[in-house]
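Participant: Submitted below is the structure of interest, expressed as structure tokens.
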Amino acid sequence: MESIGRLVMLSGPSCVGKGPLCDALRTFYPDLYGNLHKLVLFNSRAPRPGEGEGLDYYFRSREEMEEMRDRDNFILLEVRGDLQGLDVDKLLRILRQGQDVLFEGNPFIPEALWNSPQMSEVPTLKVFLSPISRGEILWLKSLKADIPAIVTDAMRRKLLRRTQRQKGILSFKDLENIKERSNSAPAELRLACQFDWVIPNHDGEDSENWTTFNYPMGDAFMALQTFASILQGEEPACWGEHWGPNLWPP
């Protein structure tokens, strides 16, 4: 019988810490990370400092991306102001070789994948990295707080810190991109209930807790340990959550 690999989907809002979490997994759990083939998407945006062609994305112009729209079994979505694309046939070829695959990115691509008939045979593990915990949402609900506005503002601040660290002085285009990404966070969090696990993490990509002390600290540490446990098929000690469909505000 043909062996098929597992698709691991790590998703969450922009700047929530998905990239640092994957880097920490590679450093501190090299065997776990080494068993995963990283899925590389096409993206219409320009590379950020430190990003490489074919390593983080296949960077293409928006015009080139639009030309891919009519390809068979090709997912093309507008995501946070950028076009992102994925060749489903190529993904399936890797999985059918028995190789586990890691997707790290926004939750809209995973949503398109798990709704795709071609992917119905593929075992999946869906993990959502959230900037807010279940307990915090319930507490804020009891106070009748505007939770989407709070999360949008929190992600805007994270994105500002990250972009300032990368570029120094920000352009108007940078600020528009930050606004687009932070405004997308509430819509992305509405999808969290469809994931197998939610890992709360306040240490986003702007946080020093990932690398400053040579070891992850704080929420970064808890997120790493929880993700590693989930990948190994273990029940996380206390940090992993399951969200019901009515948790996030409508």
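The values are calculated or read from the model by the stated rules, or taken from the named source; none is laboratory data. Treat the numbers as computed from the prediction; the structure is a model and nothing was measured. Cβ: placed from backbone, ideal geometry, glycine included. Neighbour counts: every protein chain shown.
Participant: Among the residues of the stretch 143-177, which ones are surrounded by 14 or more Cβ atoms within 10 Å (Cβ to Cβ) and either basic (K, R) or closer than 19 Å to L77 by Cα (or both)?
Facilitator: Matches in the stretch 143-177: R156, R157, K158, R161, R162, N177.
Yes or no, residue by residue, for (1) under 14 Å from G12 (Cβ atoms); (2) assigned to a helix (DSSP H, G or I); (3) of a type in the set (D, E, K, R); (4) at pLDDT 95 or above:
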position	(1), (2), (3), (4)
I169	no, no, no, no
D174	no, yes, yes, no
N177	no, yes, no, no
P216	no, no, no, yes
W243	yes, no, no, yes
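Participant: For the stretch 98-111, give me the residue count where each residue is assigned to a loop (DSSP other than H, G, I, E, B), more than 23 Å from C193 (Cα to Cα) and touching a strand residue (DSSP E or B) at 6+ places or on another chain (Cβ under 6 Å).
Facilitator: Number satisfying all stated conditions: 1.
Participant: Which of the residues spanning the stretch 226-238 are crowded, with 21+ Cβ neighbours inside 10 Å and within 29 Å of A145 (Cβ to Cβ)?
Facilitator: T226, F227
Participant: Pairs only if they're at least six apart or on different chains, beta carbon under 6 angstrom, first in the stretch 204-224 and closer than 24 Å to E241 by Cα, second aromatic (F, W, Y) and at pLDDT 95 or above; list them, first residue then second.
Facilitator: P216/W210; A220/W210
Participant: Of these, A223, A187, which one is in a helix (DSSP H, G or I), modelled with pLDDT of 95 or more, under 30 Å from K144 (Cβ atoms) and in contact with a strand residue (DSSP E or B) (Cβ under 7 Å, 6 or more places away or on another chain)?
Facilitator: A223
Participant: Return the total of residues in the stretch 58-99 being of a type outside the set (F, W, Y) and in contact with an Asp or Glu (Cβ under 7 Å, 6 or more places away or on another chain).
Facilitator: Of the residues in that region, 4 qualify.
Participant: Here's a follow-up. Could you check the stretch 112-140 and list, in sequence order, the residues that are surrounded by fewer than 18 Cβ atoms within 10 Å (Cβ to Cβ), charged (D, E, K, R) and modelled with pLDDT of 95 or more?
Facilitator: Correct list: R134, E136.
Participant: Among the residues of the stretch 30-77, which ones are exposed (fewer than 11 other Cβ atoms within 10 Å of the Cβ) and within 30 Å of Q225 (Cα to Cα)?
Facilitator: If the condition is that a residue be exposed (fewer than 11 other Cβ atoms within 10 Å of the Cβ) and within 30 Å of Q225 (Cα to Cα), then P30, D31, G34, P49, G50, G52, G54 are the ones that fit.
Participant: Listed residues P249, P245; which is over 19 Å from the mean Cα position of the chain (by Cα), under 26 Å from I178 (Cα atoms) and touching a residue at least 24 places away in the same chain (Cβ under 8 Å)?
Facilitator: P249
Participant: Could you please let me know if K144 is at pLDDT 90 or above, basic (K, R) and either part of a loop (DSSP other than H, G, I, E, B) or within 30 Å of P249 (Cα to Cα) (or both)?
Facilitator: Considered against the rule, which asks whether it is at pLDDT 90 or above, basic (K, R) and either part of a loop (DSSP other than H, G, I, E, B) or within 30 Å of P249 (Cα to Cα) (or both), K144 comes out as yes.
Participant: Could you check the stretch 51-97 for strands (runs of 3 or more DSSP E) lying wholly inside it with 1 or more residues that are within 23 Å of G5 (Cα to Cα) and in contact (Cβ under 8 Å) with a residue 40 or more places away in the chain?
Facilitator: 74-79, 82-87
Residues are listed down the side, and each one gets a yes or a no for (1) farther than 22 Å from P216 by Cβ; (2) touching a residue at least 24 places away in the same chain (Cβ under 8 Å); (3) not charged (D, E, K, R):
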{"residue": "Q118", "(1), (2), (3)": "yes, yes, yes"}
{"residue": "P123", "(1), (2), (3)": "yes, yes, yes"}
{"residue": "K126", "(1), (2), (3)": "yes, yes, no"}
{"residue": "L129", "(1), (2), (3)": "no, yes, yes"}
{"residue": "I137", "(1), (2), (3)": "yes, yes, yes"}
{"residue": "Q164", "(1), (2), (3)": "yes, no, yes"}
{"residue": "I199", "(1), (2), (3)": "no, yes, yes"}
